[in-house]
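Down below is the structure, laid out as structure tokens.
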Amino acid sequence: MKTNLKLALTTALAAGLALPAAADISPRTISISNGVAETHPVGNGVAAMKECIDERTGGAWTVNAFWSSALGDDLAATQALRSGTQEMVITSTSPLVGIEPALGVFDLPFLFADEAEADAILDGDFGQFISDKMPERGLINLAWWENGFRNLTNSVRPVTSLEDFDGMRVRVMQNNIFLDTFQALGTNATPMAFGEVFTALETRAIDAQENPFVTIDTSQFYEVQDYLSATRHAYTPFMVLFSGPIWNGYSEEEQAILVECAEVGRDVQRAVSRELSGQSLDNVMAAGMQFNEIDPGEMTRIREAVAGVYERHAESIGPDVVQRMMEELEALRGEQ
Ligand code: KDG
């Protein structure tokens, strides 16, 4: 080593100037997929997460996002994570109950009253309790994002009463709790992957589906559905899942970057989801959908019709999981 450089290093070290530690960050390429379109608020969340990752890794990582089920539906993509062939997926919890039964708790009808309750539960002890179950399934939940409160669309009639559900052929997520809920409402419910829904509606293979306003808008369901009824029958979270096998090959610093940036993306995604919800409702109505609220008395009858779902599925979800959720909601409501 040249004398001058050696002298400079010696001087620097003697002056206690620690040389910058080499950040434990390797070049990485991350593929992330989900079933919605890039125009969905998930797109805003992914953009914010990517910006955070770029800043924190100094551009050492490349994040490639794939939309509209391009890498498979939620369940298929999640299985790819478990096998270590894909890094990330943003997915609803509902299709994953075959992997982790406790996720079914979020499908219980009318569980959350509003977004504030959902955030408090998901970002609090209960959300961590569920996330802690994922590593043994080969998955890491980096953060909870928002799919949102679900509302019914259909091509048959406005749904203004319990009887209006009768015989309607409704697509539901691949999940026995949703299947039971819509059967209890008197519909002919069919489990189906999200990527197949638009065509099934377009060909009239099914009459109806249920999703948040922003999904109905950004997936253009208004092109194949005539009626939108404000049922708000369930709140679905999104999980930002990372592959467990790939995660184990990342340094602690790299793992911390993933969590931090998924949480940055979470705050942006939730904010845009809530900002866009009202605009999406306006959009689908402007596109010709007929929107209706439901009379409170009828909503009471609808709630009563599905109340038995809780007892019928507590065993499959995990009685401890359901009890813990109900206790945390009771405590939360007692505080308000
Ligand atoms: O990746 C998210 C979508 O695939 C899907 O989960 C959206 O709520 C949804 C549905 O109805 O399947």
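I'd like to verify a number: residues in segment 186-216 that are open to solvent by less than 10 Å² (accessible area, probe 1.4 Å) and either without any contact (Cβ under 8 Å) to a residue 12 or more places away in the chain or within 18 Å of G104 (Cβ to Cβ) (or both), how many? Summing the residues that are open to solvent by less than 10 Å² (accessible area, probe 1.4 Å) and either without any contact (Cβ under 8 Å) to a residue 12 or more places away in the chain or within 18 Å of G104 (Cβ to Cβ) (or both) in segment 186-216 gives 2.
Conditions (1) under 30 Å from T203 (Cβ atoms); (2) open to solvent by 20 Å² or more (accessible area, probe 1.4 Å); (3) away from the ligand (no atom under 16 Å from the Cβ); (4) part of a helix (DSSP H, G or I), marked per residue:
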| residue | (1), (2), (3), (4) |
| --- | --- |
| Y222 | yes, yes, no, yes |
| I257 | no, no, yes, yes |
| C261 | no, no, yes, yes |
| D267 | no, yes, yes, yes |
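Looking at S229, S243, S155, just one residue is of a type in the set (G, A, S), open to solvent by 20 Å² or more (accessible area, probe 1.4 Å) and touching a residue at least 60 places away in the same chain (Cβ under 8 Å), and that residue is S155.
Restricting attention to segment 27-37 and to residues that are within 18 Å of E87 (Cβ to Cβ) and within 12 Å of the ligand (Cβ to nearest atom), the residue that is surrounded by the fewest Cβ atoms within 10 Å (Cβ to Cβ) turns out to be I32. Where strands (runs of 3 or more DSSP E) fall wholly inside segment 102-176, the ranges with 1 or more residues that are among the basic types (K, R) and modelled with pLDDT of 95 or more are 169-172.
So that you can scan it fast, the table gives a plain yes or no per residue for (1) away from the ligand (no atom under 11 Å from the Cβ); (2) in contact with a strand residue (DSSP E or B) (Cβ under 6 Å, 6 or more places away or on another chain):
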| residue | (1), (2) |
| --- | --- |
| A65 | yes, yes |
| D74 | no, yes |
| A80 | yes, no |
| E87 | yes, yes |
| L96 | no, no |
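The set of residues in segment 224-255 being within 30 Å of R303 (Cβ to Cβ) and not in a strand (DSSP E or B) consists of V224, Q225, D226, A230, T231, R232, H233, A234.
The values are calculated or read from the model by the stated rules, or taken from the named source; none is laboratory data. Predicted model, so just to flag it, every value in this text is computed and none were measured. Using ideal geometry, Cβ is built from the backbone for each residue, glycine included, and neighbour counts are taken over all protein chains shown. These area figures cover heavy atoms from the full protein model, side chains too; ligands, DNA and RNA do not enter into them. Shrake-Rupley method; radii C 1.70, N 1.55, O 1.52, S 1.80 Å.
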